């Protein structure tokens, strides 16, 4: 195997490896925050961590930054609809007696 192919193979795993490590660190932070008595602050912190995890997954593992416009539009539409579903769920929850 030539040296160029070895470098290509190493580069191939570099992005997902960094994303995996970032997700593990974020998981550890989320797990650690579960044991801190922050009251309702735990919810806000864990939702922020989940949003960062989502951004890491979408950007690096789904490779949306290098994809064609149609794929990015489909991902944005999915995000739009999940926001609508959460809004409807929360509005139902908040209006119950």
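The values are calculated or read from the model by the stated rules, or taken from the named source; none is laboratory data. The structure displayed is predicted, hence computed values, not measured ones. Here Cβ is always computed from backbone atoms with ideal geometry, including for glycine, and neighbour counts include all displayed protein chains.
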Condition test on residue 79, is it without any contact (Cβ under 8 Å) to a residue 24 or more places away in the chain and in a helix (DSSP H, G or I)?
-> yes
Note on the stretch 52-93: residues modelled with pLDDT of 90 or more, loosely packed, with under 11 Cβ neighbours inside 10 Å and touching a helix residue (DSSP H, G or I) at 6+ places or on another chain (Cβ under 6 Å) are none
Restricting attention to the stretch 1-44, the residues that are within 15 Å of the chain's Cα centre (by Cα), modelled with pLDDT of 90 or more and farther than 21 Å from residue 79 by Cβ number exactly 7
Of 46, 42, which residue is assigned to a helix (DSSP H, G or I), more than 30 Å from residue 14 (Cα to Cα), free of Cβ contacts under 8 Å to residues at least 24 places away in the same chain and touching a helix residue (DSSP H, G or I) at 6+ places or on another chain (Cβ under 7 Å)?
-> 42
